[in-house]
Structures are given as C-alpha cells and as structure tokens.
1. May I ask you to verify whether Gly72 is under 26 Å from Lys249 (Cβ atoms) and at pLDDT below 95?
2. Which count do you get for residues in the range 118-135 that are more than 19 Å from Gly155 (Cα to Cα) and open to solvent by 40 Å² or more (accessible area, probe 1.4 Å)?
3. Residue by residue through the range 166-202, note down the ones that are open to solvent by 10 Å² or more (accessible area, probe 1.4 Å), closer than 20 Å to Asp281 by Cβ and of a type in the set (Phe, Trp, Tyr).
4. Select from the range 215-235 the residues that are of a type in the set (Val, Ile, Thr) and open to solvent by 60 Å² or more (accessible area, probe 1.4 Å) and list them in ascending order.
5. Against the condition surrounded by 18 or more Cβ atoms within 10 Å (Cβ to Cβ), of a type in the set (Ser, Thr, Tyr) and touching a strand residue (DSSP E or B) at 6+ places or on another chain (Cβ under 7 Å), how does Thr63 come out, does it pass?
6. Kindly indicate whether any position in the range 20-42 is exposed (fewer than 14 other Cβ atoms within 10 Å of the Cβ), under 22 Å from Trp286 (Cα atoms) and modelled with pLDDT of 95 or more.
7. Restricting to the range 92-115, name every residue that is under 19 Å from Arg285 (Cβ atoms) and surrounded by 14 or more Cβ atoms within 10 Å (Cβ to Cβ).
Amino acid sequence: MLRRAAATFAVAALAFGAAACADDKETPTGTPTSAAVAYPVTVGTVTLDAQPQKIVSLSPTTTEMLFAIDAGKQVVAVDDQSNHPTGAPKTDLSGYQPNAEAIAAKNPDLVVLSNDTNNIVSQLTTLKIPVYVAPAAATIDDTYKQLTELGTLTGHPTEAAAEVQRMKDQIAKIITSVPKRATPLTYYYELDPTFYSLTSKTFVGSLFAQLGLTNIADGADAKGTGYPQLTAEAIIKANPDLIFLADTKCCGQSPETVARRAGWADLTAVTKNQVVALDDDIASRWGPRVVDLLQTAADAVAKVPAN
C-alpha cells in the first residue's frame, strides 16, 4: 500500500555575463544564483547557511517539485523510483529503505524525502546533513506549502510562488469547466485489483469531489483510514458511472481486464466506455502533475452525457 502515499519545467542554466564582480570573481556558468535570497534561511527545524548545491531527493514527488521550481541544477542524485523528469539524475538510492552511508557518499548539503523510514532523519542529522521531510499531502494546500518551503530552502522562492499560482489557476479553470449536473455522477477509484480504494477525505478524493463526483467508497470506510477495501459485490451493486484505474502500471489493469471480471461486463462504466486508465505515477504523487490527473478526470466527466 505504499502506492497510496496517495507539469514539469525545463531547467535553464543560469550564466552571468563577463562583467567582473567587486572582488573580480565570476560565478561559474550553470551555478544557480542566490542573489535574491539572503541566507541563512530556516524552514521548520531546517536551517541552511548557504544555498544548497548538492541536493539529494529520495521521493519521486519531491524530485518533480524541485525541478518544477527551477532547482533541478542543484540536484545531484534522486532515488530509484524518480522517473520524472527524464533528465533527473536517477541512482540506486532507495526512498523505501534509505541507507545513510549511501546517501552521505553523495556529499549532499540537503536531503529531501517523504518518509522517516529507519530513522533516516536522525541518522543524517547526526552526520550534519540537513533534511527536509515532505510527507504525502492530505490536501492540495499541503502541496502548495511544500513547494513554497522548497523554494525558500533552495533559493527559488519566486519560481516556487509562480508554480503554486500556475497550479491554482489551472485547477480553478478545470473545476469551472465541468458543468453542473442535476444528479452527480458516481465513481469508483481503484488502487489495486484487490479493490482497495480511497474516499473523498483523501488528497485525490477531495479533488475529485470538486468536480461534482460522488465516491462510492465513502460509506465503506468503517475504520476511517480513507483507504477502504471494497468487495466486488459492493462495487457491482453501486454500479458507478465512472471507474478510474490507478493500477495500470503496477498491476496491468485496463478497461479490457475490468470488462472481463465476473459480473462487471454490465456495469454502466463498462457498457458506456467510462473506465479511465490513469498513469499510476501521476495518480500516486502530489506534486505539480496533480493538475494533469485532475484534467484527465475532468475530461472523462465531460464525455458523459448530461442528465
């Protein structure tokens, strides 16, 4: 269930002109400038005396965030699951089973991760390596906060603010574009083929709710985890208008495999071709590409005839 933890910018190198500084020294071509940021800076318990030049990211989401705020040139290594953007310096470092010695070997001046697995934060702190933890977002505001804080730490507050505003504007536009319906559409969101789902209280569920969708899993969350396991019988009985598959890469699910499940062929979502195959990576990350996830959902809603 690690996958629950429920728009990338190209990073341009910053080069200075030939004019000499007061001390006749030049900033090397491609080195990010901190001219607009006064260090030291503090975010939570993390204080940096200077702009970090060797960042290690151990979370696919934080990797995407760092590149989106133009801090990509400062990233020297990312974990083995960080596959976006394609230019990120992917290594065999693990975010699931982080190894302090392997991380320290990269000589980082900032480590960014999403989970304090194996007490890795304490281990790195003992080694005098600053660590910023960006846990899985519960709301979109958490995403905005993490982008803003990363902008502060990396010396890119302006770029971070621009990325946050871009996301806000696009999400607002997407939500506004979805027409109101007299009867809300229902949906089932599949995390894996054993019918684990999510409710409207989760990060993704709260966004889908803004599209006017009703989640069939909401009433099944007896434990209040936000991620109940449904039964095939319950899903068939609910007969959702839309089915979103967030298990296409991990588990090979598709509209075709769903249609072949016993008793599913006659579901409204199946008969009306309203089973939506999502990109697992985008669906499980809470960074800038959440806009893409919401757009995919909105497009699916728009294709359903108005009632």
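The values are calculated or read from the model by the stated rules, or taken from the named source; none is laboratory data. Worth saying up front: this structure is predicted, and the values here are computed from it rather than measured. As a convention, Cβ positions derive from the backbone with ideal geometry for all residues, glycine included, and neighbour counts pool all protein chains shown. Ligands, DNA and RNA are stripped out before the accessible areas are found, and what is left, the full protein with its side chains, is counted by its heavy atoms. Shrake-Rupley method; radii C 1.70, N 1.55, O 1.52, S 1.80 Å.
1. For Gly72, the condition - under 26 Å from Lys249 (Cβ atoms) and at pLDDT below 95 - is not met.
2. 9
3. Tyr196
4. Within the range 215-235, Thr225, Thr231 qualify.
5. yes
6. Within the range 20-42 (the criterion being exposed (fewer than 14 other Cβ atoms within 10 Å of the Cβ), under 22 Å from Trp286 (Cα atoms) and modelled with pLDDT of 95 or more), the answer is no, since none of the residues qualifies.
7. Answer for the range 92-115, where residues must be under 19 Å from Arg285 (Cβ atoms) and surrounded by 14 or more Cβ atoms within 10 Å (Cβ to Cβ): Leu93, Ser94, Gly95, Pro98, Val111, Val112, Leu113, Ser114, Asn115.
Every residue, every condition in (1) under 30 Å from Leu147 (Cα atoms); (2) part of a helix (DSSP H, G or I); (3) modelled with pLDDT of 95 or more, yes or no:
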{"position": "Lys237", "(1), (2), (3)": "no, yes, yes"}
{"position": "Asp281", "(1), (2), (3)": "yes, yes, yes"}
{"position": "Leu293", "(1), (2), (3)": "yes, yes, yes"}
{"position": "Val301", "(1), (2), (3)": "yes, yes, yes"}
{"position": "Pro305", "(1), (2), (3)": "no, no, no"}
